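The values are calculated or read from the model by the stated rules, or taken from the named source; none is laboratory data. A quick note: this is a predicted structure, and the numbers were derived from the prediction, not measured. Cβ sites come from the backbone with ideal geometry, for glycine too, and all protein chains shown count toward neighbours.
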Ligand code: AHR
């Protein structure tokens with residue numbers, strides 16, 4: 001059996017793990033919004049004002065901190081004024097990015113803000129730079145956040161909302177290097193400055209403006225943005241045009257043209273996937289290194305506002321709807337990402353998995369009135385204690401929990417730890433497809449009380465949940481953790497994710 005040791009320094013506190021690293025993303029894409037979040041007030045599916053209540057209830061259990069909307073690529077062809085006022089009078093459009101289907105704009109600003117209120121999540125609105133105008137974006141901020149009396153405030157009130165909402169997170173374009181306008185970094189950086197100038201802080205609503213950032217390892221893009229970030233000598237407060245910049249990274253097991261099935265894959269495909277997932281560590285390091293040069297005080301945030309697995313769509317479904325199943329492999333991609341996010345918490349302010357319902361690496365899959373919690377959902381739930389916790393230093397010695405994949409080394413154990421309110425939470429993933437790993441948790445600088453562990457695993461990596469077998473992959477208690485002199489010991493089953501929680505003595 002492979003063995004690995006994790007030294008956990010209970011007295012060496014790292015950065016706070018922002019709860020926003022557990023953020024979400026809902027785009028007008030396939031059945032994410034329509035059928036996923038939104039069924040309309042006349043639906044037989046229980047809803048509040050058109051919003052599906054089973055979805056809300058499931059997501060509330062995750063304590064989701066924020067929700068990004070309306071895209072994605074869709075954001076750059078979305079005109080917000082089409083999505084306000086009486087629904088039947090709202091103009092329609094074609095969603096050219098996703099399936100070429102007609103969008104009726106029934107889910108708009110008021111519906112999104114109502115959804116955020118039901119979820120207890122902060123809104124993260126992604127504004128249109130690709131095909132919109134500076135005025136349009138500026139007015140959207142005014143409509144949402146201004147108090148008192150103004151043209152946009154009067155319009156909002158006429159549409160039934162008296163008080164302004166609070167909106168902190170504001171995206172200035174999406175993938176401006178691609179679907180958001182096919183721009184050069186220099187042009188995109190100039191536009192980000194221009195748009196950010198007119199996205200005003202109204203009253204005490206302070207925006208956190210997020211400039212459209214790099215794809216994967218495009219560090220030059222990040223450098224170009226960072227060179228343009230400061231508003232030297234101008235009267236603006238804060239002095240930076242934008243407070244964060246984004247990066248997108250998706251996990252694939254092969255080339256873009258042959259992404260493979262979500263449910264039918266080999267152990268080698270799995271290891272390639274894990275290698276791809278682990279690449280996010282180098283990518284975050286690369287962008288952070290560039291940002292450190294221009295912002296050594298780390299005031300500007302890196303925002304990974306799209307991440308997750310991307311497989312071929314399920315057979316027979318619309319290729320433009322990006323509907324995929326979700327197996328234990330996806331869960332391990334998520335848990336591995338979180339270990340890496342915790343390590344980068346000083347610079348990484350936010351991360352948003354793509355996407356919350358029915359699209360890509362979803363938390364929830366719906367089929368008519370049926371709702372399925374995916375294995376990825378369970379990782380978010382089991383890990384939620386890390387939100388706003390203090391990260392703890394973890395030194396992994398993979399010993400022989402390691403293998404060579406396509407000429408590269410892959411550690412098959414992943415781990416992270418944090419402490420909050422006197423409770424330590426340790427997350428462990430065994431990425432090995434077939435073998436358990438003997439794990440020693442060598443605790444230094446303190447001791448722990450009685451541990452309680454939960455495990456997420458199944459007989460095979462391809463296991464997934466369906467309406468007929470909704471608990472095929474679901475967490476259960478694990479009683480195999482033994483307390484040793486200096487720590488804990490356990491055998492982590494193959495392809496499993498585990499959390500161990502214990503009071504700090
Ligand atoms: O999440 C799906 C799409 O992936 C988003 O719309 C886009 O930003 C990215 O390319």
For segment 34-46, state whether one or more residues are part of a loop (DSSP other than H, G, I, E, B) and closer than 30 Å to residue 425 by Cβ.
yes
Residue under question is residue 283, and the condition is that it be touching a strand residue (DSSP E or B) at 6+ places or on another chain (Cβ under 9 Å) and farther than 30 Å from residue 464 by Cα; does it hold?
no
Lone unmet requirement of (1) within 16 Å of the ligand (Cβ to nearest atom); (2) touching a strand residue (DSSP E or B) at 6+ places or on another chain (Cβ under 8 Å) for residue 256:
(2)
Residues in segment 11-37 that are more than 23 Å from residue 383 (Cα to Cα) and near the ligand (Cβ under 10 Å from one of its atoms) total 5
Across segment 145-163, what is the total count of residues that are outside any helix (DSSP H, G or I) and surrounded by 10 or more Cβ atoms within 10 Å (Cβ to Cβ)?
5
Just checking, does segment 68-83 include any residue being in a loop (DSSP other than H, G, I, E, B), more than 22 Å from the chain's Cα centre (by Cα), away from the ligand (no atom under 16 Å from the Cβ) and over 29 Å from residue 135 (Cβ atoms)?
no
When you check residue 339 against the structure, is it closer than 30 Å to residue 99 by Cβ and buried (at least 17 other Cβ atoms within 10 Å of the Cβ), yes or no?
no
Looking for whichever is in a strand (DSSP E or B), surrounded by 15 or more Cβ atoms within 10 Å (Cβ to Cβ) and in contact (Cβ under 8 Å) with a residue 12 or more places away in the chain here; the options are 490, 461. Which one fits?
490
Can you name the number of the only condition in (1) in contact with a helix residue (DSSP H, G or I) (Cβ under 8 Å, 6 or more places away or on another chain); (2) within 16 Å of the ligand (Cβ to nearest atom); (3) outside any loop (DSSP other than H, G, I, E, B) that residue 177 fails?
(3)
Return yes or no: is residue 303 within 16 Å of the ligand (Cβ to nearest atom), within 18 Å of residue 345 (Cα to Cα) and either surrounded by fewer than 18 Cβ atoms within 10 Å (Cβ to Cβ) or in the same structural domain as residue 31 (by TED's automatic domain parsing) (or both)?
yes
If we keep just the residues of segment 235-253 that are in a loop (DSSP other than H, G, I, E, B) and over 30 Å from residue 204 (Cβ atoms), which is nearest to the ligand (Cβ to nearest atom)?
252
Members of segment 341-371 found to be farther than 22 Å from residue 320 by Cβ and more than 16 Å from the ligand (Cβ to nearest atom), listed by number:
341, 342, 343, 344, 345, 346, 347, 348, 349, 369, 370, 371
Of the residues in segment 465-487 that are within 20 Å of residue 383 (Cα to Cα) and without any contact (Cβ under 8 Å) to a residue 24 or more places away in the chain, the one that is surrounded by the most Cβ atoms within 10 Å (Cβ to Cβ) is 472
Is it the case, given these coordinates, that residue 101 is more than 21 Å from the chain's Cα centre (by Cα) and farther than 21 Å from residue 231 by Cα?
yes
Report, ordered by the first and then the second residue, all pairs with beta carbons closer than 6 Å, sequence separation of six or more or different chains, a first member in segment 341-359 that is over 8 Å from residue 304 (Cβ atoms) and not assigned by TED's automatic domain parsing to the domain that holds residue 296, and a second member that is in a loop (DSSP other than H, G, I, E, B) and within 16 Å of the ligand (Cβ to nearest atom).
none
Give me a count of the residues in segment 365-412 that are part of a strand (DSSP E or B) and in contact with a strand residue (DSSP E or B) (Cβ under 9 Å, 6 or more places away or on another chain).
19
Here are the criteria: (1) in contact (Cβ under 8 Å) with a residue 60 or more places away in the chain; (2) within 20 Å of residue 465 (Cβ to Cβ); (3) within 16 Å of the ligand (Cβ to nearest atom); (4) under 17 Å from the mean Cα position of the chain (by Cα). Tell me which single one residue 321 does not satisfy.
(4)
Modelled with pLDDT of 95 or more, away from the ligand (no atom under 15 Å from the Cβ) and surrounded by 24 or more Cβ atoms within 10 Å (Cβ to Cβ): does that describe residue 376?
no
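In segment 84-128, what count of residues is obtained for those that are on the phi > 0 side of the Ramachandran plot and either part of a helix (DSSP H, G or I) or more than 16 Å from the ligand (Cβ to nearest atom) (or both)?
3
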Is it fair to say residue 313 is touching a helix residue (DSSP H, G or I) at 6+ places or on another chain (Cβ under 7 Å), within 16 Å of the ligand (Cβ to nearest atom) and outside any strand (DSSP E or B)?
yes
